[in-house]
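The values are calculated or read from the model by the stated rules, or taken from the named source; none is laboratory data. Bear in mind that the values here come from a model prediction, so they are computed numbers and not experimental data. Glycine also receives a Cβ, built like all others from the backbone with ideal geometry; neighbour counts cover every protein chain displayed. Accessible surface areas use protein heavy atoms only, side chains included; no ligands, DNA or RNA. Shrake-Rupley method; radii C 1.70, N 1.55, O 1.52, S 1.80 Å.
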Number of protein chains: 2
Amino acid sequence: MGIELVVVGSIGLDDVETPFGSAKASLGGSAIYFSMAASYFARVGMVGVVGDDFPETAPAMLLRRGVDLEGLERRAGNTFRWGGRYGFDLNERETLFTELNVFSDFRPELPSAYRGAPFLFLGNIDPALQLHVLTQVERPSLIAMDTMNFWIHGQKGDLRKVLRKVDALLLNDSEARELTNRTNIVSAARAIAELGPRIVVIKRGEYGAMLFFEGEFFYAPAFPLEDVRDPTGAGDSFAGGFMGYLAQCGELTWDALCRATVAGSTLASFSVEAFSVERLRSLDTMAIQRRVLAFQKLTHFTSMDGSLRVAPGVVHP
Amino acid sequence: MGIELVVVGSIGLDDVETPFGSAKASLGGSAIYFSMAASYFARVGMVGVVGDDFPETAPAMLLRRGVDLEGLERRAGNTFRWGGRYGFDLNERETLFTELNVFSDFRPELPSAYRGAPFLFLGNIDPALQLHVLTQVERPSLIAMDTMNFWIHGQKGDLRKVLRKVDALLLNDSEARELTNRTNIVSAARAIAELGPRIVVIKRGEYGAMLFFEGEFFYAPAFPLEDVRDPTGAGDSFAGGFMGYLAQCGELTWDALCRATVAGSTLASFSVEAFSVERLRSLDTMAIQRRVLAFQKLTHFTSMDGSLRVAPGVVHP
């Protein structure tokens with residue numbers, strides 16, 4: 001089976017502390033979370049760079065999930081490292097250190113087998129590199145991207161250029177506000193669509209995700225979980241579920257985008273249940289389908305049409 | 001028609017500033033927002049106290065909405081006053097002043113016509129007064145209450161007593177965390193149910209509201225609005241829509257509670273579109289039904305049963 005979905009992003013070894021535990025040098029980075037999540041729906045090709053300290057167990061795990069690693073570059077030096085700490089408010093994190101290492105010279109090159117893939121996700125990397133990737137692909141049906149505050153402030157010019165060339169932007173609500181200088185999230189979504197991407201997904205952490213497409217909104221709340229152990233990678237797992245589902249279903253209708261948003265929320269909800277990609281490596285059909293059904297139940301209410309009587313008041317004003 | 005729903009709460013004159021405007025001595029307080037919202041679904045009796053500075057236009061407006069005012073007490077002195085300011089982040093507000101005035105001696109007495117009402121809402125007042133109200137009612141089908149951080153810290157004993165006597169608690173997420181000392185909101189909801197109320201509704205401001213009942217969760221996102229002008233009273237309008245709908249439909253099933261949560265979100269979404277109760281005074285059947293339908297669309301996705309194929313990976317782990 002050919003590559004259906006290509007992801008370009010960071011690969012790292014993370015030190016993470018939360019009130020519920022910690023992990024040292026555990027597998028992380030946007031391309032990793034994305035690939036693991038998307039692997040449940042589509043054949044993924046991963047583009048990224050690692051150093052010679054990268055554990056051999058990691059590629060083996062990705063291969064078991066069917067992820068293609070021809071795009072994985074190995075260089076002399078250390079893998080990207082990141083350390084972060086979460087308090088009891090898991091929406092807020094503190095970065096303890098960042099060591100770019102081999103990631104600082106990352107210049108993504110797509111293997112020829114990836115260039116015709118119908119779905120492409122540009123992880124949160126320098127917009128100049130995102131543009132460089134776009135010069136290498138044929139005509140994907142859907143190009144989506146992520147970004148972050150760092151590029152919004154530092155690379156506004158390049159960022160705007162990429163935005164004009166992509167179909168979808170996935171980003172956090174604080175990033176949406178900074179990108180558009182609008183505090184209202186509905187208004188920010190509309191403003192982003194005017195910058196290029198006709199599909200806008202605003203991720204709101206523990207509150208869920210909002211899809212904006214052709215003037216309409218869809219909202220998927222985050223799945224209510226009693227045990228959230230590590231929120232790292234939730235956004236990338238969301239993106240993996242979202243894009244993986246679209247690659248599988250092959251349609252880009254309103255309905256398909258809503259279902260993709262639920263698929264993204266589903267994979268994100270699994271991701272945060274354990275450190276690193278521990279939970280994402282061991283899912284099965286049953287677990288995923290059960291949670292999708294639970295999502296359906298979470299927001300479903302029987303129609304009030306006809307049954308809702310509105311009391312008119314004594315005298316109309 | 002007899003009184004179906006009684007609310008006991010504060011009535012005030014508010015000075016409010018938001019980035020989108022301001023209002024001076026405008027009608028506010030939990031009982032006011034609640035009554036106006038609930039009036040669209042049920043016959044409401046309002047219990048509260050006002051001073052001799054209370055504008056005559058206010059009772060007239062409530063009467064036009066069919067709200068019964070036999071429980072409205074008038075005293076010599078000034079009405080409760082509150083002043084607050086919101087920044088661009090409308091989730092956070094600063095209290096500029098609070099003058100209790102006649103509210104400081106408020107001791108709610110229910111007119112005899114209110115004592116047999118099947119639905120009762122205890123607004124956010126001193127838990128000792130909430131208990132005092134409970135001694136006056138016959139056997140309501142549903143008693144719901146609100147509370148706030150001030151009582152959680154200052155009146156924990158009385159608050160726990162009321163909690164054991166009510167069916168439903170509606171509160172903000174920060175209050176739910178403080179009441180239970182749990183940061184996880186799912187876990188907090190479960191812990192609250194163990195304190196007494198078998199129905200727990202956690203209000204999350206611009207992120208929506210979560211219903212917990214018999215071990216199950218329902219989530220209604222806040223309606224995505226481009227123009228939010230004044231969030232004051234959103235929670236009380238939610239409570240009014242929620243209780244008003246239940247009083248109208250008369251059932252206390254899971255389905256009815258989900259629909260009530262949507263009715264609450266609907267009324268809250270109208271409330272924040274204008275200062276004070278300006279928007280709540282002029283709704284009609286069509287406007288309410290249209291927004292309920294929009295809510296339905298906001299979270300609806302076509303079922304993925306059967307269509308979702310999960311890729312098993314190359315080798316099962």
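Partner shielding of A:221-230 amounts to 5, given as the average count of beta-carbon atoms from other chains within 10 Å of each residue beta-carbon. The accessible-area loss of segment B:274-307 on complex formation, taken against its chain alone with a 1.4 Å probe, reaches 30 Å² or more at B:THR285, B:GLN289, B:VAL292, B:GLN296, B:LYS297, B:LEU298, B:THR299, B:PHE301, B:THR302, B:MET304, B:ASP305. For segment A:121-267, the solvent-accessible area with a 1.4 angstrom probe is 33 square angstrom per residue.
Each residue of segment A:148-155 was assigned a 3J(HN,Hα) from its phi angle through the Karplus expression (A = 6.51, B = -1.76, C = 1.60, θ = phi - 60°), giving 8, 3, 3, 7, 4, 7, x, 9 Hz with x at Gly and Pro. Here is the list for segment A:189-244: GluC sites (Glu not before Pro) lying in DSSP coil, each with at most 13 other C-beta atoms within 10 angstrom of its C-beta, are A:GLU214, A:GLU226.
Note on surface exposure: B:MET304, A:MET1 rank A:MET1, B:MET304 by accessible area, highest first, 1.4 Å probe. Comment: the Cα-to-Cβ extended label point of A:LEU63, at 7 Å, lies 8.4 nm from its counterparts in the other copies, nearest first.
Largest GNM mean-square fluctuation across A:SER237, A:SER187, A:SER276, computed for chain A with C-alpha springs under 10 Å, falls on A:SER187. The ratio of the alpha-carbon radius of gyration of segment B:168-234 to the globular-protein estimate 2.2 N^0.38 Å is 1.15. Couplings 3J(HN,Hα) for segment A:125-136, derived from phi with the Karplus relation 6.51 cos²θ - 1.76 cosθ + 1.60 (θ = phi - 60°), are 10, 3, x, 5, 6, 4, 5, 4, 5, 4, 6, 9 Hz, where x marks Gly and Pro. Using alpha carbon centroids, what distance separates segment A:151-187 and segment B:119-133, in Å? Segment A:151-187 and segment B:119-133 have Cα centres spaced 47 Å from each other. For segment A:1-88, applying the loop criterion from DSSP together with a ceiling of 14 other beta carbons within 10 Å to the GluC sites (Glu not before Pro) yields A:GLU56, A:GLU70.
Apolar share of the accessible surface for the protein assembly as shown: 49 percent from carbon plus sulfur atoms, 1.4 Å probe. Remark: accessible surface ordering of A:LYS24, B:LYS161 (largest first) is A:LYS24, B:LYS161, probe radius 1.4 Å. The share of alpha-carbon pairs in segment A:61-168 lying farther apart than 21 Å comes to 49%. A straight line joining the Cα centroids of segment A:200-262 and segment B:216-230 runs 17 Å.
Amide H contacts under 5 Å for B:LEU72: B:GLY48, restricted to partners 5 or more places along the chain or on a different chain, H placed in the peptide plane at 1.01 Å from N.
Tell me the angle of helix A:156-165 to the major Cα principal axis of chain A, expressed in degrees between 0 and 90 and rounded to the nearest ten. Rounded to the nearest ten degrees, it is 70.
If you take the alpha carbon atoms of segment A:9-86 and fit the smallest convex hull around them, that volume is 91 Å³ per residue.
Sorted from closest to farthest, the other copies place their B:ARG164 label points 6.9 nm away, with each point set 7 Å from Cα along Cα→Cβ. The GNM of chain B, with springs linking C-alpha atoms under 10 angstrom apart, assigns the highest mean-square fluctuation among B:GLY29, B:GLY235, B:GLY66 to B:GLY66. Counting Cβ atoms of other protein chains within 10 Å of each residue's Cβ and taking the mean over peptide A:175-187 gives 3. Annotation: amide H-H contacts under 5 Å for A:ALA25 (H modelled 1.01 Å from N, sequence separation of 5 or more, or interchain): A:ASP14, A:ASP15, A:VAL16. Here segment A:168-317 is described by how far its Cα atoms reach on the three principal axes: 63, 37, 32 Å, from widest to narrowest. Summed over both chains, the area buried between B and A is near 5700 Å², taken from the accessible surface of protein heavy atoms with a 1.4 Å probe.
Taking only the alpha-carbon positions of chain B and ignoring solvent, what does the Debye formula give for the base-10 log of I(q)/I(0) at q = 0.10, 0.14, 0.15 Å⁻¹? The computed values of log10 I(q)/I(0) come out as -0.53, -1.06, -1.23. For the protein assembly as shown, the convex hull spanned by the alpha carbon atoms encloses 145 Å³ per residue.
Heavy-atom accessible surface of segment B:33-105, averaged per residue, reaches 43 Å², computed with a 1.4 Å probe.
Across segment A:99-115, rounded Karplus estimates of 3J(HN,Hα) from the backbone phi angles (6.51 cos²θ - 1.76 cosθ + 1.60, θ = phi - 60°) give 10, 5, 6, 5, 5, 5, 9, 4, 9, x, 10, 8, x, 4, 5, 8, 6 Hz, Gly and Pro being marked x. With only the Cα atoms considered, segment B:1-142 has a convex hull volume of 121 Å³ per residue.
Its DSSP H runs of at least 4 residues, each contributing -39,500 (n - 2.57), put the calculated 222 nm mean residue ellipticity of chain B at -10500 deg cm²/dmol, to the nearest 500.
Taking each label point as 7 Å beyond Cα in the direction of the beta carbon, state the distances from A:ALA287 to the same residue in the other copies, shortest first, in nm. Computed spacing set for this position: 4.9 nm. Buried on complex formation within segment B:239-266 (loss of at least 40 square angstrom of accessible surface versus the isolated chain, 1.4 Å probe, ligands and nucleic acids ignored): B:GLN248, B:ARG259. Pair-distance distribution P(r) for segment A:111-220, from all Cα-Cα distances in 10 Å bins starting at 0: 15, 49, 29, 7, 0 percent.
Helix A:254-271 and the longest principal axis of the Cα set of chain A meet at an angle near 60°. For segment B:109-175, GluC sites (Glu not before Pro) are listed when DSSP marks them as loop and at most 10 other Cβ atoms sit within 10 Å of their Cβ; the list is B:GLU138.
If you line up the long axis of helix B:234-249 against the longest principal axis of chain B, both from Cα atoms, how many degrees apart are they, to the nearest 10? Tilt of helix B:234-249: around 80 degrees.
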